[in-house]
1. Return yes when Val280 is within 16 Å of the ligand (Cβ to nearest atom), touching a Pro at 6+ places or on another chain (Cβ under 9 Å) and at pLDDT 95 or above and no when it is not.
2. Can you tell me how many residues within region 129-158 are within 12 Å of the ligand (Cβ to nearest atom), free of Cβ contacts under 8 Å to residues at least 40 places away in the same chain and surrounded by fewer than 23 Cβ atoms within 10 Å (Cβ to Cβ)?
3. State the number of residues belonging to region 183-198 that are in contact (Cβ under 8 Å) with a residue 24 or more places away in the chain and more than 13 Å from the ligand (Cβ to nearest atom).
4. Collect the residues in region 223-255 that are at negative phi, of a type outside the set (D, E, K, R) and part of a loop (DSSP other than H, G, I, E, B), keeping them in residue-number order.
5. Could you please let me know if Ala269 is open to solvent by less than 10 Å² (accessible area, probe 1.4 Å), away from the ligand (no atom under 15 Å from the Cβ) and not aromatic (Phe, Trp, Tyr)?
6. Please go through region 178-209 and pick out each residue that is part of a helix (DSSP H, G or I) and under 16 Å from Leu126 (Cβ atoms).
7. When you go through (1) within 15 Å of the ligand (Cβ to nearest atom); (2) over 21 Å from Ala168 (Cα atoms); (3) within 18 Å of the chain's Cα centre (by Cα) one by one for Glu211, which number turns out not to apply?
8. Being open to solvent by 10 Å² or more (accessible area, probe 1.4 Å) and not in a helix (DSSP H, G or I) is the requirement here; does Gly220 meet it?
Amino acid sequence: MPITGPYPTTRLRRLRQHEWSRDLVAEHRLSVNDLVWPLFICEEGMVIEIASMPGVVRYTLKTLPVAIKQAVDLGIRAVALFPVIDSKLKCDRGLEGTRPNNLLCQAIQIVKSISSDIGVITDVALDPYTNHGHDGVILEGDVANDETIEILTQCAVAQAQAGADVVAPSDMMDGRIGAIRYALDDAGFQKTMILSYAAKYASGFYGPFREALGSASQLGKKGKHTYQMHSANRNEALREGLQDIEEGADILMVKPGLPYLDIVYELKAHFHMPTFVYHVSGEYAMLRAAADNGWLDYERTLMETMLSFKRAGADAILTYAACHVAEQLSK
Ligand code: PBG
């Protein structure tokens, strides 16, 4: 029988024989320089544990320094802060988000006062502050784009004023990147970076996050489908990316991560922009739940997941398991 392929002269298994040769030819690597740690910040006296995210806690302004020192010691490059707001401070327009000394702004100042070695990324969205849990102002039964942007720009400026290095709009309003860029520049914050949640999908994997924030209860039947992207779409992610780049985004992000690796790949391949991926709460919960039941090896599947993000083209990864990953990497 004629030999049709290069086998047996080419044997792909040859390089896989030894750990050293596998290492030498590894195409992608994960390092602590790839990690961003998302942190929940709450008021004193609120519930600390998050039932659907074992191992993740809400920090108060008092306990936040411990977390930041841990992150700095492990070499984690940035934290992403998410405030959990007392329901008494919520309103239908989310105006607490614009208040210069709100919980998030105080948290930013605390992180900055502890270390200049760690970047501070802040969420620009109204859902922590609205009593209906949507990412914007509701007019005529839907989140109103331009009215929401107006408030978001004020949130971003307040965050920059408090010392945020990177503001990260996660709301998916059209035109918010440009509006935020102009507002920041106008207020003297030309150096503040914008990380755009460019391709953010309407996903069931945000469930545990909404529990952590206490923002899930009132979303209604439509959920966030009128502003977050449909899971079926890939071309649209490129249009979102292009729009945000043209409006001045410094970094693009894809969210969730694992179910959208193709989107990470596409955005990176098309735009060659710094591209981040968010390993979201539900992805973390899945891994933890299976591991806690003894069904999966946590370390192994976690590291494999992280490497898959790098292989898809992500430059950095937001993950609740950042400390765990950093510890594994230092072994
Ligand atoms: C909302 C926001 C969400 C997440 C980050 N910012 C949830 C949502 O859109 O409802 C989700 C993060 C996660 O699930 O880990 N602005």
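The values are calculated or read from the model by the stated rules, or taken from the named source; none is laboratory data. Worth saying up front: this structure is predicted, and the values here are computed from it rather than measured. When we count neighbours, we look across all protein chains shown, and the Cβ atoms used for this are built from the backbone with ideal geometry, even at glycine. Heavy atoms of the whole protein, side chains included, go into the accessibility calculation; ligands, DNA and RNA do not. Shrake-Rupley method; radii C 1.70, N 1.55, O 1.52, S 1.80 Å.
1. So Val280 fits the description; yes.
2. 0
3. So the answer is 8.
4. Answer for region 223-255, where residues must be at negative phi, of a type outside the set (D, E, K, R) and part of a loop (DSSP other than H, G, I, E, B): His225, Thr226, Tyr227, Gln228, His230, Ser231, Ala232, Asn233, Ala249.
5. Criteria not met by Ala269.
6. Ala179, Ile180, Ala183, Tyr206, Phe209, listed by residue number.
7. Going through (1) within 15 Å of the ligand (Cβ to nearest atom); (2) over 21 Å from Ala168 (Cα atoms); (3) within 18 Å of the chain's Cα centre (by Cα) one by one, Glu211 breaks only (2).
8. For Gly220, the condition - open to solvent by 10 Å² or more (accessible area, probe 1.4 Å) and not in a helix (DSSP H, G or I) - is met.
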